[in-house]
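Just so it is clear, none of the values below were taken in a lab; they were calculated from the coordinates. Quick caveat, the model's predicted, so the values are computed rather than measured. When we count neighbours, we look across all protein chains shown, and the Cβ atoms used for this are built from the backbone with ideal geometry, even at glycine.
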Amino acid sequence: MNQQIKTSKIELSQKALSNNISYLRNILGEDIIFSSVVKGNAYGHGIEQFVPMLENCDVNHFSVFSADEAFRVNKASSKPSTIMIMGAVDDSEMERIVREGIQCYVFDTCRLESLIKAAKRTGTAANIHLEFETGFNRTGFNKNDFSELITIINSNRRYISIEGMCTNFAGAESIANYYRIQKQIKLFNKYVKVFSDSGIKPKLRHSACSAAAISYPNTRMDLVRIGILQYGFWPSKETLINHLSRKTDKSDPLNRIISWKSKIMSTKEIKIGEFVGYGTSYLAQRDMKIATVPVGYAQGFSRSMSNHGRALVDGTRVSVIGVVNMNCIIIDVTDCDSVNIGDEVTLIGNQNELSISVSSFSDLSDQLNYESLTRLPVNIPRFVKE
Ligand SMILES: *Cc1c(COP(=O)(O)O)cnc(C)c1O
């Protein structure tokens, strides 16, 4: 793991996660396997901290993008669990994933043959999920590949276990994609049948990400792959509104897990008419008190927040002034009662009744929640609290 940079810290709330998981289990159904998507360093929350937190909520199925993430999850996990790789695996990693019983998407015959080889070498069957191309056009077997695929599977039954058949939707978070999604659902069911008719049956069928699981209940099937929702964020405003429209209580049922905090490094008084920071982007319109916070774009505070970002100090919402530097930002604390070196600064999270969510952070900088979260650097120390 990288050397930690300790000028800020990330706190994770176990209570918020427990709330989210039980809410989601309740609406998705207890019989459906809940696969927690922890790719992108658990959406920036930190795999090493987040996996044990999930295990406290009895989650035992994890989805990741790549083999290196799968190995990290396996290390972080202390209970029997299933780990599923949805994306990248290098040929050099095939044997290890088979040996460790890690499950793996297969979307071309190249990977299938590589897994069969690894299974032969290790004497352990490879646990695979066949991904079908249904209209997303990223990865997945095309219909034309099916007969070759069926032949390979049938002549290697001892070396592979068909754990699942799956697909991924092209934007279930927006009604604009409604017809495309409907078409994908139909094709997926048809393809599963083609294989069943050839004697190849999956243990599980799965297709839903967060947005599909909420907005298209028939995509839930046997397993749901839930990322963004478990962290307390909605895939889109539309998905939230759609969900709440079917409920009487209109408040957001999910809680944010993450807070990001730093401390005041120094303070300074400046006079009206002076520029603050590099260049001329901020001109003091009054006598001001400013403070420096040791978090800049190298620590994940996007440069696009220059003169736009907000933070909470002393229970007050304050503004980032001037450009975001590599390692610090300057904030305007003129209106705070008292601000001193060492005082806590909240970059994401709550102080008193005020809050800065990643989404307001994202709206301000035109980024999606997904992107802002996963950009939080791995080398910020992370702590779990109750
Ligand atoms: C990332 C991902 C998910 C989870 O998406 P969310 O919108 O965060 O729930 C599900 N399936 C696949 C294939 C993914 O890549």
Can you give the extra length, in nm with one decimal, that the chain gains between Lys271 and Leu354 once fully stretched, where that is 0.36 nm per residue apart less the Cα-Cα distance?
27.0 nm
For Lys183, counting only aspartates and glutamates whose alpha-carbon sits under 19 Å away and dropping same-chain residues fewer than eight positions off, the answer is Glu131, Glu133, Glu173
Taking Lys15 as the anchor, which aspartates and glutamates have their alpha carbon closer than 17 Å to its alpha carbon, excluding any fewer than eight residues away along the same chain?
Glu55, Asp58, Asp252, Glu386
Low-density loop positions, trypsin sites (Lys or Arg not before Pro), the stretch 1-88 - DSSP coil, at most 11 other Cβ in 10 Å
Lys6
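What number comes out for the charge environment of Thr167, summing +1 per Lys or Arg and -1 per Asp or Glu over other residues with Cβ under 12 Å away?
Values: positive: Arg138, Lys183, Lys186, Lys190, Arg205, Arg225; negative: Glu131, Glu133.
Local charge sum for Thr167: +4.
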Under 8 Å for C-alpha pairs, at least 6 residues apart: give me the relative contact order for the stretch 21-111, rounded to a whole percent.
24 percent
Relative contact order of the stretch 135-243, pairs being alpha-carbon contacts under 8 Å that are 6 or more residues apart, as %:
25 percent
Order these peptides, 368-377, 171-180, by their mean beta-carbon neighbour count within 10 angstrom, highest first.
368-377, 171-180
Round to the nearest 10 and give me the degree value, 0 to 90, for the angle of helix 47-56's Cα axis relative to the longest principal axis of the chain.
70 degrees
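Excluding Gln285 itself, what net charge comes from residues whose Cβ is under 14 Å from its Cβ, given Lys and Arg +1 and Asp and Glu -1? Each step should come with its number before you reach the end.
Values: positive: Lys271, Arg286, Lys289; negative: Glu274, Asp287, Asp332, Asp335.
It works out to a net charge of -1.
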Between the stretch 274-335 and the stretch 168-225, what is the separation of their alpha carbon centroids in Å?
46 Å
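Of all DSSP beta bridges located in the chain, what percent are antiparallel, nearest 5?
On the way: 30 of 61 bridges.
Antiparallel bridges make up about 50 percent of those DSSP assigns within the chain.
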Dipole check, the stretch 1-153, charges on Cβ (K,R +1; D,E -1), about Cα centroid: among Ala16, Gln4, Gly140 the Cα furthest to the positive pole belongs to Gln4
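Mind checking the dipole of the chain: about its Cα centre, +1 per Lys or Arg Cβ, -1 per Asp or Glu Cβ, Debye to the nearest 20?
Numbers: 45 positive and 40 negative charges, 172 e Å.
Here the chain has a charge dipole of around 820 debye.
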Which of Asn350, Gly300, Ile321 sits closest to the plus end of the dipole of the stretch 298-386, meaning its Cα is farthest towards the positive end, when Lys and Arg get +1 and Asp and Glu get -1 on the C-beta?
Gly300
Alpha-carbon gyration tensor eigenvalues x 5, square-rooted, for the chain, Å:
45, 22, 18
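Using Cα pairs closer than 8 Å and at least 6 residues apart in sequence, work out the relative contact order for the chain, in percent. Provide the component values of the computation, followed by the final result.
On the way: 796 pairs, mean separation 73.2, N = 386.
Relative CO of the chain lands at 19 percent.
So how do 237-249, 147-159, 122-134 stack up, highest first, on mean other-Cβ count within 10 Å? Please report the intermediate quantities before stating the final value.
Numbers: 237-249: 12.5, 147-159: 14.3, 122-134: 21.5.
Peptide ranking by packing, descending: 122-134, 147-159, 237-249.
For Asn327, what is the net charge nearby, where nearby means another residue's Cβ is under 15 Å from its Cβ and Lys, Arg count +1, Asp, Glu -1?
Working: positive: Lys6, Lys263, Arg303; negative: none.
So the environment of Asn327 carries a net charge of +3.
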Given charges of +1 on the Cβ of Lys and Arg and -1 on the Cβ of Asp and Glu, with all other atoms neutral, how large is the dipole of the stretch 236-321 about its Cα centre, in debye to the nearest 20?
180 debye
Of Lys6/Lys247; Lys39/Lys190; Lys79/Lys201; Lys9/Lys79; Lys117/Lys186; Lys39/Lys120, which sit over 31 Å apart, Cα to Cα?
Lys6/Lys247; Lys117/Lys186
